[in-house]
Each structure stands twice: as C-alpha cells, then as structure tokens.
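The values are calculated or read from the model by the stated rules, or taken from the named source; none is laboratory data. Source: prediction; values computed, not measured. All Cβ positions, glycine included, derive from the backbone under ideal geometry; neighbour counts span all protein chains shown.
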Amino acid sequence: MIQIDKLLAVAIRREAEDIILTVGRPPMLRIDGELQPLPTETLTAEDTMGLMKAITQERYQQELQEEGSADFGFSFRQGARFRVAVFRQQGCVCIVLRLIPSKIRSFKELGLGPTVQELLFRPRGLLLVTGPTGSGKTTTLATMIDHINSTRRLHIITIEDPIEYHQPHRKCVVSQREVGVDVPSFADALRRALREAPDVILVGEMRDLESTRLALSAAETGHLVLSTVHTQSAQSTVERIIDQFPGNQQDQIRTQMANTLLAILAQTLVPRIGGGLVAAYEILLANPAVRHLIRDNKTFRIDSAIQTSREKGMQLLDDSLLALYQQGMIERTEVLTRCRYPEEVAKAIMAMEA
C-alpha cells in the first residue's frame, strides 16, 4: 500500500508541480511541465480511495459523495502546502495535488520589474493577472500581496478557493477568507467585504457575472482590487469580462472597465533550458489611450496600443517569449507553440538567427 506521507515527501524533494493519482497508473509527478511516473505499483481503486481518505476532511468527503468532486487546501510537514482536487471518474476516485511553494517569491524571481510594483501603491483600481490553468497566477498574486503587506499599512482582505499562500500580518492586517469554509461564495464574500473596512481586496477568481460586477464596483468605489481571469491575452481579458454581461449592460461595463482598470498581466510558464520553468508576460497598462479603446469598443486595437507603448513598460506576450529565446532561456519550439502570432514570430526568429 502506497503511503501518502512518502509520496508527498518525494514530490517536495523533486520539486514537482503536480501529483496525479488515478486508477490504472502509478503515481504521476509533473516536473518542468511533463508527467513522469514513479517506479511503484499501479494504483487500484482501493489505493486511491485510501489515499483520498488520508488527506480529505469529512466535509469534503461528503461533498465528493454528493457532488462528485471537491477542492481544498492541505498542509503537510515543514510548512509544505498543497491545493487538492478530488473527483470521481469512471466510478473511481482520482486525486490531483498541486504543490504550493512554501516561500513567496520576489518580483525579481518572477521576472517582473518596477512598472508592476508601482501599481500596488495606487489607492484604487482593478489589477488583473490572467493566463491558463497552471500558469502561476496565484504565485504572482501572492507576491503582490506580500509586497503591499511589507510596504504599506492597510487592511487586506483575500477571498480564495482554497487559501493557498498563508499571508502573515506584517505592516498590514491580512484577513484571508476561504470560500466554502468562511463564506459560501465569492460574490457573498465580496458583498460583505465592502462592509469590513478593506483597502485592498484580492478575489481569487472572477468566475461569474455577479463576482465580476462586484469586483468592478469595489474598484470603482475606492478599493485596490486584485483578481484573476482564465484568459491568455490582455485583449481577450477585456472582451471576456464585457461579454459576460447582457447586451443592454455592456456600454455601462465598458465605461466601468475604462474608469477602473489599472493593468492586465497575462502570463504563461515555459520550460527553462536546463530545468525549471520561466514566466513570459504580456503587460497592458491602462493609460488614456487604452481607456479610450475600451470605452469606444475598439478592443481589437489593444495589441497595437501595447506595441506603441513599449517604452512605457508595456509588452506583448510574443515579445516576451522572443526575449527569453534570445537570452538562451527557452527552446525555439516553445516560443512557436505558445506565441499568439506564429507566422510573425517565426520571421522574427529567422531574423535573429540570420
């Protein structure tokens, strides 16, 4: 019988990003973006059920039984922490654990310069970190909250599902609320947060229309709001948020977005040559020109606005990928796989190599 303690210890030692436990395969570790099997026996239905019970509290086992899945945070020895998803597939239990780094990273380690740090001193507005699942959005937000916590004297409220990084009180008072434990939903937590004297509100995810509406309102009424959206570019982020709303409300939402948006940081993680991962970023700063494009429903011109404002700290994702390639940090194939405009990027690579 595979012991969960030994399995988690191996994952921590090998710096795995994920552990996947499913019937018919040995335990799988995701390392530098690729799945690797552990040299153990193939897992049975009894194995995955036993492993699930070893780490899952009774209320989440009940949720799994009633709804077919459950998500929660799990602490392990030496301060290690995992984000856990348990779910049923083909009648058996499957478990996915994501290892949350125990140390909050610095802006330098993330590869982000002072342009982004300066935004965290704004008294109000909306700052979005976007990207696909597993792109490091939560890690980036944790670094931002830690920076505010270390440099300003404010009340920070975080609304998360589940809580991943524990933020100690430093200069700030930090109140961390977990959906499903401390509050029933993101929308309910946001509604209540406005009566809890916050200066900064972190919303783990703007996942539905109501939480999006409340986040925009909070940013508009004098709070710094940080959140995530599952989109892959600045332009698609603005369009996704606006398109959530009925057509007769979209003009109003465009105006709200134009008035409140501070920046969009779209990111993706890329395997680094020699091991590990490195982040590539698209950065949109909401200057007057960008606000005008959002207000006038001309989001198709956002990419051009980023290109013409590079000296002000903006950059397209493709330019970030090309810079990492030019520095010898990532492979050519990774650039071409992850870029938004492959033909233009291929020409740029050819020019570099000429």
Among the residues of the stretch 286-301, write down those that are surrounded by fewer than 22 Cβ atoms within 10 Å (Cβ to Cβ) and either among the charged types (D, E, K, R) or in contact with a strand residue (DSSP E or B) (Cβ under 6 Å, 6 or more places away or on another chain) (or both).
-> R291, R295, D296, K298, R301
Test L269 against the stated conditions and say whether it is surrounded by 20 or more Cβ atoms within 10 Å (Cβ to Cβ), of a type outside the set (F, W, Y) and either touching a His at 6+ places or on another chain (Cβ under 8 Å) or farther than 27 Å from R177 by Cα (or both).
-> yes
In the stretch 70-91, the residues that are closer than 18 Å to T22 by Cα, over 21 Å from the mean Cα position of the chain (by Cα) and surrounded by 13 or more Cβ atoms within 10 Å (Cβ to Cβ) | F87, R88
Qualifying position, being touching a strand residue (DSSP E or B) at 6+ places or on another chain (Cβ under 8 Å), at pLDDT 95 or above and aromatic (F, W, Y), among F82, F87, F72, F76 = F87
How many residues of the stretch 327-347 are part of a helix (DSSP H, G or I) and more than 22 Å from G131 (Cβ to Cβ)? The answer is 3
May I ask you to verify whether I159 is under 15 Å from the mean Cα position of the chain (by Cα), of a type in the set (V, I, T) and in a helix (DSSP H, G or I)?
-> no
Answer yes or no as to whether A280 is within 22 Å of the chain's Cα centre (by Cα) and assigned by TED's automatic domain parsing to the domain that holds T139.
-> yes
Given (1) under 26 Å from E63 (Cβ atoms); (2) in a strand (DSSP E or B), index of the condition L141 fails | (2)
Would a scan of the stretch 117-129 turn up a residue that is outside any loop (DSSP other than H, G, I, E, B), in contact with an Asp or Glu (Cβ under 9 Å, 6 or more places away or on another chain) and exposed (fewer than 14 other Cβ atoms within 10 Å of the Cβ)?
-> no
Quick check: is even one residue across the stretch 47-58 over 24 Å from the mean Cα position of the chain (by Cα), of a type in the set (S, T, N, Q) and loosely packed, with under 15 Cβ neighbours inside 10 Å?
-> yes
Please specify each residue of the stretch 180-210 satisfying the condition of being surrounded by 22 or more Cβ atoms within 10 Å (Cβ to Cβ), within 11 Å of D161 (Cβ to Cβ) and free of Cβ contacts under 8 Å to residues at least 40 places away in the same chain.
-> F186, A189
Identify all residues within the stretch 38-79 that are over 18 Å from R98 (Cβ atoms), touching a residue at least 24 places away in the same chain (Cβ under 8 Å) and in a loop (DSSP other than H, G, I, E, B); write none if there are none.
-> T40, E41, L43
Residue that is surrounded by the fewest Cβ atoms within 10 Å (Cβ to Cβ), among those in the stretch 152-169 that are touching a residue at least 24 places away in the same chain (Cβ under 8 Å) and over 28 Å from Y60 (Cβ atoms) = H155
Working carefully through the options E239, E282, find the one that is at pLDDT 95 or above, of a type outside the set (S, T, Y) and closer than 20 Å to S106 by Cα.
-> E282
Of the numbered conditions (1) within 25 Å of P271 (Cβ to Cβ); (2) without any contact (Cβ under 8 Å) to a residue 40 or more places away in the chain; (3) hydrophobic (A, V, I, L, M, F, W, C); (4) touching a strand residue (DSSP E or B) at 6+ places or on another chain (Cβ under 8 Å), I12 fails exactly one; give the number of that condition.
-> (2)
State whether one or more residues within the stretch 94-107 are part of a helix (DSSP H, G or I) and either touching a strand residue (DSSP E or B) at 6+ places or on another chain (Cβ under 7 Å) or within 29 Å of I273 (Cβ to Cβ) (or both).
-> yes
